[in-house]
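One structure is given below, encoded as structure tokens.
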Amino acid sequence: MDADALIDELGPHLSGALIATDFDGTLAPLVPDPEDSRPVAGSIQALTALTGRGARVAVITGRDARTVVRLGGLDAVPGLTVAGLYGLESWTGGAFHSPDEPEEIVALRERLPGLIAHGDELIWIEDKRLSLVVHGRKAADPAAALEPVREPVASLADELGLELHPGNGVLELRLPGYDKAAALRRLAGAGNADAVLFLGDDLGDVPAFEEIRRLRDGGRSAWGVAVTAGNVAEAAVAADAAVPTPADVVVLLQTIVGPS
């Protein structure tokens, strides 16, 4: 399926559809420091136009929900839901829900810095409160910079009963049992959406693309679109269609909405 076919199929069925998207790499370009992440021009307007056509709009992200709302200005989109930390957190219309911090994460926060203290100075830790991420994106070769710490980080994750999830220039340690497939499934089921679209770019989005296929096998109209700027082949293969950049995501969403 190409993007034009998706537009033709989804456009007439926006009322009641679920439009769900990743944030970093999909609405916002990937940047070395996640605090610098901002959605590309037109993103908020495109999401708002979708809600105006009756669609339910959600952001499913590995970031914590409050940070994504703050960085993205997502509180400007009426009725938007943010499923943060792969569904551990939720934010809708200013109402925020998040579980208490478990002991495993407290122990991880205490011990993880010691594993990278003698590594490349460009490696650093992002603390999302309920997960921690070892970043290598500031290095010229992020994968090579992370390689010396990959095994000890994996061993610590295993010891604490956490999951290690590689991403584009990162290693994320998080609580087991949460991924974007489950978050998408809950959102699609909550509104009994007949049509579902998910957009993503990274390894963490692959489970959501696989969930799109399961929804389609179950009789739903469902599509997955990958953003290829991050060069994550697994995401492009798992999706139904692809666009090059976050700016192209905006164009796609605008085209689905159609003329105002």
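Looking at the calculated P(r) for the chain, what percent of the C-alpha pair distances fall above 24 Å?
Details: 15222 of 33670 pairs.
Summing the P(r) of the chain above 24 Å gives 45 percent of all pairs.
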Could you put His135, His97 in order, starting from the residue whose Cβ has the fewest other Cβ atoms within 10 Å? His97, His135
Taking the Cα centre of region 103-174 as origin, work out the dipole magnitude from +1 charges on Lys and Arg Cβ and -1 charges on Asp and Glu Cβ, in debye rounded to 20. 240 debye
Region 135-260: translational diffusion in µm²/s, Stokes-Einstein, Kirkwood Rh over Cα pairs, 20 °C, 1.002 mPa s: 132 µm²/s
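Is there a quick way to get the dipole size of the chain? I mean about its Cα centre, with the Cβ of Lys and Arg at +1 and of Asp and Glu at -1; what is the value in debye to the nearest 20?
Numbers: 21 positive and 39 negative charges, 179 e Å.
With Lys and Arg at +1 and Asp and Glu at -1, about 860 debye.
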Please give me the summed charge of the neighbours of Arg185: other residues whose Cβ is under 9 Å from its Cβ, Lys and Arg +1, Asp and Glu -1. +1
With Kirkwood's inverse mean 1/r over C-alpha pairs for Rh, give me the Rg to Rh ratio of region 145-218, two decimals please. 1.09
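Where Rh denotes the Kirkwood radius from the mean inverse Cα pair distance, what is Rg over Rh for region 103-174? Walk me through the intermediate numbers first.
On the way: Rg = 11.0 Å, Rh = 11.9 Å.
Ratio of gyration radius to Kirkwood radius for region 103-174: 0.93.
What number comes out for the charge environment of Val82, summing +1 per Lys or Arg and -1 per Asp or Glu over other residues with Cβ under 12 Å away?
-1
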At 25 °C in a medium of viscosity 0.890 mPa s, region 17-149 has a Stokes-Einstein diffusion coefficient, with Rh taken as the Kirkwood radius over alpha carbon pairs, in µm² per second, of 152 µm²/s
Rel. contact order, % - alpha carbon contacts under 8 angstrom, at least six apart, region 199-260: 33 percent
At what distance in angstrom do the alpha carbon centres of region 77-117 and region 1-63 lie from each other? 22 Å
Of Leu184, Gly25, Ala233, farthest towards positive along the dipole that unit charges on Lys, Arg, Asp, Glu beta carbons give the chain: Leu184
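Where a number appears in this text, it was derived from the coordinates with a stated rule and is not lab data. Here the structure is a predicted model, which is why all the values come from computation and not from measurement. Positions of Cβ are generated from backbone atoms using ideal geometry, with glycine treated the same way; all protein chains shown enter the neighbour counts.
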